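A.B. asks: Structure provided below as structure tokens; questions to follow.
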Amino acid sequence: MPVVVVTDSAASLSAEHLDTLGVTVVPLHILVGDRAIREGLDPVDIDYATDVVTTSAASPGELRAAYEHAWHHSGGDGVVAVHLSRQLSATWEAGRQAIGDMDAADRVRLVDSQGAGLATGLPVLAAARRARGGAPLDIVYDTAVAAAARARAFILVNRTEQLRRGGRLSSAASFFGSELVTRPLLQIVSGRLELREKVRTRSKAYTKLVAAAVDSAGEDGAAVAVQHVGAQEAANTIASQLRDLIPGVGELIVAEFGPALAVHLGLGAVGVLVIPGGCA
């Protein structure tokens, strides 16, 4: 049996990708008032403008159950678990604890994607494709680590209040000041969200977002993903521009951010991920 890849629901991968590649997904948790929702499993009905919403990581127990199931399914070949950045969520640390309690701990490898959304999802796809091709545990692990290291992610948001309140935005961004007349363009650096620049208008912000992605893609082909929160038209337009401007786009995915990320990013957020060289 091939190595099995495990991830969390923040990876934002489609059911088709998950089913085709045999990826196991552990849900993150969304707390809306007194309701607890497992992302990807339970119905989600959130008013991002008015509901009081928080999120929580997968627990060590949930992750251990998923890792053990994947381990048995692999027939002993091993498990590679790729999770969202440890700087943004406690899920990676919960995974470390889960592995420490397993008898097969030496055959389960844990990867910090240093990103979120499809910045986690595309390294998962890269690793799962190698696993499906019969690659051994070390190669599958190295593939995920390499794809995550090459990834460059940029996110345009309307406001950063929720990100700062939750501790998910670098303290270096504390000089934001008023956001009523600016659009903060963020980037992920070493797993943390940081300010890249502030832009006055939305149209200029989209231009800056596209330029950042194109500059990061290089000339030798790239995998590209565009994600959004309630901004489908903008995401489609940006995706079309990136396909035209980036040489050799081998893969381009357009998807919504899942609710566990959307509650922090807010309505209207648009993100772009680029992996130079692709993630095949």
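Conditions tested, residue by residue: (1) touching a residue at least 24 places away in the same chain (Cβ under 8 Å); (2) aromatic (Phe, Trp, Tyr); (3) outside any loop (DSSP other than H, G, I, E, B).
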{"position": "87", "(1), (2), (3)": "yes, no, no"}
{"position": "95", "(1), (2), (3)": "yes, no, yes"}
{"position": "106", "(1), (2), (3)": "no, no, yes"}
{"position": "110", "(1), (2), (3)": "yes, no, yes"}
{"position": "125", "(1), (2), (3)": "yes, no, yes"}
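A.B. asks: Related question: Any residue in segment 52-68 that's hydroxyl-bearing (Ser, Thr, Tyr): show its pairings with residues that are part of a helix (DSSP H, G or I) and buried (at least 19 other Cβ atoms within 10 Å of the Cβ) at Cβ separation under 8 Å, as long as the two are six or more apart or on different chains.
C.D. replies: 54/263; 55/260; 55/263; 55/264; 59/94; 67/95; 67/98; 67/99
A.B. asks: Still on this structure, please answer the following. In segment 212-235, what residues are surrounded by fewer than 20 Cβ atoms within 10 Å (Cβ to Cβ) and over 22 Å from residue 260 (Cα atoms)?
C.D. replies: Within segment 212-235, 214, 215, 218, 219, 220, 221 qualify.
A.B. asks: Among the residues of segment 120-141, which ones are open to solvent by less than 10 Å² (accessible area, probe 1.4 Å) and within 26 Å of residue 256 (Cα to Cα)?
C.D. replies: Looking only at segment 120-141, we keep the residues that are open to solvent by less than 10 Å² (accessible area, probe 1.4 Å), and these are 120-128, 131, 137, 140.
Correct list: 120, 121, 122, 123, 124, 125, 126, 127, 128.
A quick yes/no check of all residues on (1) out of contact with any Asp or Glu (no Cβ under 9 Å at 6 or more places or on another chain); (2) within 22 Å of residue 254 (Cα to Cα):
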| position | (1), (2) |
| --- | --- |
| 58 | no, no |
| 64 | no, no |
| 69 | yes, no |
| 89 | no, no |
| 94 | no, no |
| 100 | yes, no |
| 124 | yes, yes |
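A.B. asks: Got a number for residues in segment 37-47 being open to solvent by less than 80 Å² (accessible area, probe 1.4 Å) and either touching a Leu at 6+ places or on another chain (Cβ under 9 Å) or at pLDDT 80 or above (or both)?
C.D. replies: If we filter segment 37-47 for residues that are open to solvent by less than 80 Å² (accessible area, probe 1.4 Å), which is where we start, we get 37, 39-40, 42, 44, 46-47.
Subset that is either touching a Leu at 6+ places or on another chain (Cβ under 9 Å) or at pLDDT 80 or above (or both): 37, 39-40, 42.
Matching residues across segment 37-47 total 4.
A.B. asks: With the requirement that a residue be under 28 Å from residue 213 (Cα atoms) and open to solvent by less than 20 Å² (accessible area, probe 1.4 Å), what does segment 90-115 give you?
C.D. replies: 91, 111, 113, 115
A.B. asks: Find all pairs meeting these conditions: Cβ atoms under 8 angstrom apart; at least six residues apart or on different chains; first residue within segment 183-207 and without any contact (Cβ under 8 Å) to a residue 12 or more places away in the chain; second residue open to solvent by less than 60 Å² (accessible area, probe 1.4 Å) and of a type in the set (A, V, I, L, M).
C.D. replies: Final answer for the pair search is none.
A.B. asks: What number of residues in segment 181-195 are of a type in the set (Ser, Thr, Tyr) and in contact with a strand residue (DSSP E or B) (Cβ under 7 Å, 6 or more places away or on another chain)? Walk me through it before giving the result.
C.D. replies: Step one: list which residues in segment 181-195 are of a type in the set (Ser, Thr, Tyr), which gives 182, 190.
Right, trim to in contact with a strand residue (DSSP E or B) (Cβ under 7 Å, 6 or more places away or on another chain) and you get 182.
Qualifying residue count, segment 181-195: 1.
The values are calculated or read from the model by the stated rules, or taken from the named source; none is laboratory data. As the structure is a computational prediction, the values presented were derived from the model and not from experiment. Don't worry about glycine lacking a Cβ; one is built from the backbone with ideal geometry, like all the others, and counts go over all protein chains shown. SASA here: full protein model, heavy atoms, side chains in, ligands and nucleic acids out. Shrake-Rupley method; radii C 1.70, N 1.55, O 1.52, S 1.80 Å.
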